[in-house]
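Please treat every number below as a calculation from the coordinates, not as lab data. Keep in mind it's a predicted model, so treat the numbers as computed, not measured. Positions of Cβ are backbone-derived with ideal geometry, glycine not excepted, and every protein chain shown enters the neighbour counts.
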Amino acid sequence: MNTAAESIIEVKGLAKRFGKVIALDGISFSVKRGEIFGFLGPNGAGKTTTIRILTGIIVPDAGDASIAGIDIQRDPLNAKMRIGVIPELGNIYVDLTARENIILAGRFYGMFRHVLEKKADELLKRFEIYERRNDPLRSFSKGMKQRVNIASALVHDPEILFLDEPTSGLDVQSQRLIKGIIGEINRKGTTIFLTTHNIEEANVLCQRVGIINKGRIASIDTPESLKRTFEETRSVTCSFDMPADIALFEGNSLVNRLDRMGDKWRLYTDNPDELVKYLASRASEQGLSFTSLEICGASLEDAFLRLTQGGERHVS
């Protein structure tokens, strides 16, 4: 399979300004067909602006973007027929019922009524809201409204699903259900473009992650590769049966940084093995017993913080 066939989203040199603010500064990247691609960045980094361009809501000042080989600026209607979109604030109508919302979304895509009604009922059952299908969304919880929102975006079986913070502010049950459905539809072939502030969510769901900062791409790589790049952020987390004084850790060249987390200490180090031996020796001297001790590799959160607070790099 050639490279063009592998990529379902292509972005080249996208730039966008809002007055004096540079939202996007010539970004370029591609998303492979069938993957879950995470798009991470601090507030104001350019995530939502990118999604709005890719979904045809706003026009870039420069650059090109294509969806399944279709130029989003030259043929927006055809491109939009290939995608489903879940914006951060949602697309649903609270005065309509759950079933009416899904059917209305399908009508926008020209689906036949008999096909649409069957598909709406399938989605209502899949999202565990069939029993509430005839209730107005005004009476739904935030988590249930989001289920209807996603079901409405899936009614026409899009090739690509854009999700902007899909689990933000939801209860644990709704988060788990939505993550499960994201994984399920991806396994069936739908490409997912996911923006999230939940770095662990991206770590679990995404095959690749793009990190944007100040309108520029800081890095694109797999979560594991990003972690390995920052192995110096390895750490030892420990707690003791009695409060430990900070003097236990200070002045040791093995400790690069020290964080207190409740009753635990997290010590960043280049040499976890030597640090554990040192801690065991000092704890024994002071009559302390470990209640927990864990060696932690670099996390995606560590990589994200390093990339958005420090220098930038590109990974193909």
Straight-line reach from K119: which lysines have Cα under 27 Å away, leaving out those fewer than 8 places along the same chain? K80, K142, K145, K179, K188
Among A68, V11, N43, whose Cα lies farthest out toward the positive end of the dipole of the stretch 1-106, if unit charges sit on the beta carbon of Lys, Arg (+1) and Asp, Glu (-1)? N43
If you add up the charges near R82, with Lys and Arg at +1 and Asp and Glu at -1, over every other residue whose beta carbon is less than 15 angstrom from its beta carbon, what do you get? -2
Sorted by chain and number, the residues with a modelled amide H under 5 Å from that of A218, at a separation of 5 or more or across chains, are I211, I212, N213
Amide H neighbours of I8 at under 5 Å, excluding residues fewer than 5 places away on the same chain, with H built from the backbone geometry, are V31, K32, R33
Once the in-chain neighbours fewer than 8 apart are removed, the aspartates and glutamates whose Cα is under 17 Å from K214 read D25, D61, E312
Which value, in debye to the nearest 20, gives the size of the charge dipole of the chain about its Cα centre, when Lys and Arg are +1 and Asp and Glu are -1 at the Cβ? 1160
Estimated [θ] at 222 nm from DSSP helical runs (n ≥ 4, -39500 (n - 2.57)) normalised by residues in the chain, nearest 500: -10000 deg cm²/dmol
Surrounding charge for L137, neighbours by C-beta under 15 angstrom, Lys/Arg +1, Asp/Glu -1, total +3
Can you check what the net charge comes to around Y278, using other residues whose Cβ is under 14 Å from the Cβ of Y278 (Lys, Arg +1; Asp, Glu -1)? -3
Is there a quick way to get the dipole size of the stretch 231-297? I mean about its Cα centre, with the Cβ of Lys and Arg at +1 and of Asp and Glu at -1; what is the value in debye to the nearest 20? 100
Determine the dipole magnitude for the stretch 164-316: charges of +1 sit on the beta-carbon of Lys and Arg, -1 on that of Asp and Glu, nothing else is charged, the reference point is the Cα centre, and the result goes in debye to the nearest 20. 520
Exposure proxy check: T50, T269, T308 ranked by fewest other beta carbons within 10 Å? T308, T269, T50
Using Cα pairs under 8 angstrom and six or more residues apart, how large is the relative contact order of the chain, in percent? 19
Taking Cα pairs under 8 Å and at least six residues apart, what relative contact order does the stretch 231-297 come out at, in percent? 52
